[in-house]
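For reference, the structure discussed in these notes is given below.
Derivation of every value follows stated rules applied to the coordinates shown; laboratory data play no part. Fair warning: this is a prediction, and the values are worked out from it, not measured in the lab. As a convention, Cβ positions derive from the backbone with ideal geometry for all residues, glycine included, and neighbour counts pool all protein chains shown.
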Amino acid sequence: MKRALITGVTGQDGSYLAELLLEKGYEVHGVVRRASTETFERINHLSGKIHLHQADLLDQLSIIDVIKESNPDEVYNLAAQSFVPTSWKQPVLTAEFTATGVTRVLEAIRLLGKERIRFYQASSSEMFGKVQEVPQTESTPLYPRSPYGVAKVYGHWITINYRESYNMYCCSGILFNHESERRGREFVTRKVTDGVARIKLGMAKELRLGNLDSKRDWGFAGDYVRAMWLMLQQDTPDDYVIATGETHTVKRLVELAFAAAGLNWENHVVIDPAFVRPAEVDLLIGDPAKAKAKLGWKPEVTFEQLVERMVKADLARLQGQPLPDFKARGI
Ligand code: NAP
Ligand code: G4F
């Protein structure tokens, strides 16, 4: 039985990846941080099925210990300070988690002499920032526009560097925005679908947003964790763009989400400069051709299905109902 270790298992992607690996028969281990209140909402349903270890990307010894204890065949490094606006408020901490944290995991593997472990790094389309090419591919020059983006560039290159320096099986997945009903409420998709549901149920009147003109290539998180796993199953390690190849404005997201609840967005959305960023990434659109050709990966859920799914899930959650059975409905 293969063993996998996931850092960031309590996050959106970590929870979907843990489910996928369990389905594939893996023994799944996850890294969790100590907090005064548990943050296990997304993995409560996996209780007893996965093994949790307390560690922190800031603490080298705890990372060494967790790799010793779990003895994995594959490590998926998903942990990060992942919210772009926070990276301007806490740029140094973001660098410690999101950049140097990657080196701590790679060093733990190397110091323990476990170079046979296959390593996945959660790189990001935020690295393309002020885009130098449309659409973005694995060879598009990087031009990050936030401390988060800069930290991810470091994580990306240190992963490639360990592959080239130590002949380790290290892959970097350059993932474009991917969402779900498990997305944190501060990210724009979930903020919008949660806001729509609250307005529909009479719990709120307005939704305050920033820049509606930026464009993102949004996919479904469940599709994207499949790509992570595929990257670690190849003969040779490599880096891949994972995207849908479509882009939409935030405004289009807003229109669709309000329409899914039978509402007109113009009656409820207020533009608030507090949510406008010091520097914006105006346009992201990825070219997933390499992943399609080499991994046989393609996204299954469309943007329209994703938005509808998230609105329905937020309506159900706020009414205390069980989440809709998306699989049965094909979305
Ligand atoms: P997320 O929901 O914000 O989850 C982040 C995870 O990292 C959480 O489990 C968090 O634990 C953990 N974490 C943060 N700091 C840590 C530390 N110092 N030590 C240990 N764990 C720590 O993020 P996500 O959306 O699942 O994204 C997963 C990864 O993919 C992240 O690296 C993100 O930057 C990257 N990425 C995401 C997207 C996207 O669109 N979702 C796109 C490209 C790349 P707590 O629960 O304790 O906070
Ligand atoms: O949902 P967002 O906060 O995601 P962003 O900044 O694109 O970052 C996400 O995707 C990256 C991949 O490219 C990941 F690496 C990263 O970890 C994260 O998962 O914002 C999307 C867009 C931005 O242009 C933002 O300015 O939505 C715009 N926006 C407009 N109003 C807003 C809001 N974003 C947020 N969070 N809140 C608003 O009120």
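General remarks:
- Using alpha carbons only, the radius of gyration of region 153-285 set against its Kirkwood radius gives Rg/Rh = 1.08.
- Highest mean packing first, where packing is the average number of other Cβ atoms within 10 Å per residue, the peptides 20-29, 40-49, 117-126 line up as 117-126, 20-29, 40-49.
- The fraction of Cα-Cα pairs per 5 angstrom bin, counted from 0 for region 1-69, comes to 3, 18, 31, 24, 17, 6, 1 percent, rounded to whole percents.
- Gaussian network model of the chain, springs between alpha carbon atoms under 10 Å - residue of Pro144, Pro278, Pro72 with greatest fluctuation: Pro278
- In this structure, the amide hydrogen of His51, modeled 1.01 Å from its nitrogen in the peptide plane, lies closer than 5 angstrom to those of Val28, His29, Gly30, counting only residues at least 5 positions away or on a different chain.
- Of the cross-linked pairs Lys49/Lys312; Lys251/Lys298; Lys191/Lys298; Lys152/Lys298; Lys49/Lys200, those separated by over 30 Å at the C-alpha level are Lys49/Lys200.
- Seen against the Cα atoms of the chain and their longest principal axis, helix 250-260 is set at about 60 degrees.
- Note that region 187-195 has calculated 3J(HN,Hα) couplings of 6, 5, 4, 6, 4, 5, 5, 5, x Hz, one per residue in order, obtained from phi through the Karplus relation 6.51 cos²θ - 1.76 cosθ + 1.60 (θ = phi - 60°); glycine and proline are x.
- Here each label is just a point 7 Å from Cα along the line to Cβ, and for Arg277 and Leu61 those points are 3.7 nm apart.
- Here the scattering of region 214-312 is modelled by Debye summation over its C-alpha atoms, one equal scatterer each and no solvent; at q = 0.11 Å⁻¹ the log10 of I(q)/I(0) is -0.44.
- Between the amide H of Ala79 and those of Thr7, Gly8, distances stay under 5 Å, these residues lying 5 or more places away or on another chain, with hydrogens modeled in the peptide plane.
- Ellipticity estimate at 222 nm from DSSP helix runs (n ≥ 4, -39,500 (n - 2.57)) divided over the chain, nearest 500: -10500 deg cm²/dmol
- Rg followed by Dmax, in Å, when the chain is reduced to its Cα trace: 19.4, 60
- Here, P(r) means the percent of Cα pairs in each 10 Å bin from 0 to the largest distance; for region 179-232 it is 20, 41, 26, 10, 2.
- Candidate lysines - alpha carbon under 17 Å from Lys114, same-chain residues fewer than 8 apart omitted: Lys2, Lys68
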